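**Q** This structure is in C-alpha cells; I'll ask about it shortly.
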Amino acid sequence: PTIAPTPTIAPAPTPEAAPTRTASPRSYLMCRPEYFTVSYAINPFMNPDAPTDTARALRQWDALVGVYRGLGHEVAFLGPVPGLVDMVFAANGGFTVDGRAYVASFAHPERRAEADSFRAWFAAHGFETHEPASVNEGEGDFAFAGGVILAGHGFRSSAESHTELARVFGREVLSLRLVDERFYHLDVALTVLDSEAIDGPARIAYLPSAFDEAGRALLADRFPDSILVSEEEAAILALNSVSDGRNVVVAQDAHDYIAALAAAGYTPVPVDLSELLKSGGGVKCVSQELRR
Ligand code: ARG
C-alpha cells in the first residue's frame with residue numbers, strides 16, 4: 001500500500017497587525033451652546049436664513065461632554081455670554097502648551113468680544129497669558145504635534161501670528177497655507193492623531209487639497225505615514241476630530257475615515273454634532289485642549 005505523505009500544514013498568513021495605540025488623559029476647555037444660533041455668515045457653512053435648534057445643539061454638546069468623561073478626560077467650562085453665538089467653538093479662543101496661553105485675536109468683528117472671556121479664564125486658571133499682536137484664532141489654526149506646532153493661515157489666522165507662536169512657545173512652527181474656503185481653519189483640514197507617537201513622529205490625518213503646494217510637500221515630508229481623507233468627508237468636518245492617542249472622537253457620518261482609523265489601530269468614537277455643523281464647526285472646534 002502506498003503511504004500518503006504527511007501533509008504539511010502551512011501556517012495561516014497573519015494579517016499585518018495594526019499597532020496598539022495608547023491613550024493619555026486630556027483636558028478640554030468647552031463652552032455650553034446656550035446662545036448658539038447662526039445669525040451671520042463668516043464661513044461657507046453658515047446660512048443665517050436657515051433655522052437652528054439651540055435645544056438640539058445643547059443635547060449634542062452635552063453628549064460629547066459625556067463621551068469625554070467616559071474616556072477619562074477632564075472637561076473645564078467657560079461661561080457662555082449672551083449674544084456671542086459662536087462662543088461654543090472654544091478651540092478658537094486660544095492655544096496652550098507648557099502652561100502658556102496665547103490668546104486669540106479674532107479675524108471677524110462678530111467674534112472679537114469672545115477673546116476677553118478666554119483671556120480671563122486662562123489667567124484665573126494658572127496659565128501664563130500672552131497677548132497677541134496679530135490676528136489668530138487659537139487652536140482653530142494651531143495644532144500641537146509631537147513637539148512641533150502646525151499652524152494654518154490664509155483665511156483666519158495671519159502668517160505673522162506664526163512668528164509670535166514660535167517666540168511664545170520656543171518650538172518649531174510649521175507654517176501651512178490653507179487655500180480652500182470650505183476648510184478655513186487648520187482644524188477642519190487636519191487632525192493630530194498621536195501628539196507623541198510611539199513608533200515615530202506624530203501621526204496626522206489630513207485633506208491634501210486644503211493646502212497649497214508647499215504645504216502639501218511639507219506635510220508629505222514630515223508626516224509620511226498619514227491618513228488621507230476625501231474632500232467629501234472633509235466637507236462634513238470628518239477631520240475636525242479629537243484624538244487622545246487611541247480613541248478618536250469623530251463625526252458619525254465619516255464612514256471611510258472611521259474605517260481608516262480602525263484599520264490603523266485607533267478606536268473611533270462616532271458622535272453627532274450635526275446642529276453645530278450648520279455653523280461650520282464640529283468636535284474639535286468645540287474642544288480646546290489645555291496643556292499645562
Ligand atoms: N461659526 C464659527 C466661525 O466661523 C465656526 C468656528 C469653527 N471652529 C473651528 N475651530 N473650526 O468662526
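Please treat every number below as a calculation from the coordinates, not as lab data. Predicted model only: the values in this text are computed from it and were never measured. FYI the Cβ positions are ideal-geometry reconstructions off the backbone, even for glycines, and counts take in every protein chain you see.
**Q** Based on the Cα coordinates of the range 21-95, what is the per residue volume of their convex hull in Å³?
**A** In the range 21-95, the Cα convex hull volume per residue is 125 Å³.
**Q** How much length is gained on full extension from ILE236 to PHE77, taking 0.36 nm per residue of separation minus their Cα-Cα distance?
**A** Extra length available between ILE236 and PHE77 comes to 54.6 nm.
**Q** Please list the three semi-axes, largest first and in whole Å, of the ellipsoid equivalent to the range 216-284, using sqrt of 5 times the eigenvalues of its alpha carbon gyration tensor.
**A** 20, 15, 10
**Q** Now a separate question. So for the range 49-114, averaging the separation of alpha carbon pairs under 8 Å that are six or more residues apart and normalising by length, what relative contact order in percent results?
**A** 20
**Q** Tell me the volume per residue, in Å³, of the convex hull enclosing the alpha carbons of the range 84-198.
**A** Measuring per residue, one finds 105 Å³ for the Cα hull of the range 84-198.
**Q** Same structure, new question: For the chain, what relative contact order do you get, as a whole percent, if you take Cα pairs closer than 8 Å and at least 6 residues apart?
**A** Once divided by the residue count of the chain, the mean separation gives 22 percent.
**Q** If you take all C-alpha pairs in the range 151-191, what percent of them are over 16 Å apart?
**A** Counting pairs separated by more than 16 Å, the tail of P(r) holds 34 percent.
**Q** Can you give the helix-only mean residue ellipticity at 222 nm for the chain, where every DSSP H stretch with n ≥ 4 adds -39500 (n - 2.57) and the sum goes over all residues, rounded to the nearest 500 deg cm²/dmol?
**A** -6500 deg cm²/dmol
**Q** Something else: Kirkwood hydrodynamic radius (Cα pairs, Å) of the range 107-166?
**A** Final number for the Kirkwood radius of the range 107-166 is 12.5 Å.
**Q** Pull up the DSSP beta bridges for the chain and report the antiparallel fraction as a percent, rounded to 5.
**A** Once the DSSP bridges in the chain are tallied, antiparallel ones form about 50 percent.
**Q** Could you grab the relative contact order for the range 136-266? Cα pairs under 8 Å, six or more apart, rounded to a whole percent.
**A** RCO, the range 136-266: 21 percent.
**Q** I've got another one for you. At most 14 other Cβ atoms within 10 Å and a DSSP loop assignment: could you name the GluC sites (Glu not before Pro) in the range 145-199 that fit?
**A** Those satisfying the criteria are GLU172, GLU196.
**Q** How big is the Kirkwood radius of the chain, worked out from every pair of different alpha carbons and given in Å to one decimal?
**A** Result for the chain stands at 19.5 Å.
**Q** From the convex hull of the Cα coordinates of the range 8-149, what is the mean projected area in square nanometres?
**A** So the mean shadow area of the Cα hull is 13.4 nm².
**Q** Right, next: Would you work out the Kirkwood radius for the range 176-264? I mean one over the mean of 1/r across all pairs of different Cα atoms, in Å.
**A** Answer for the range 176-264: a Kirkwood hydrodynamic radius of 13.0 Å.
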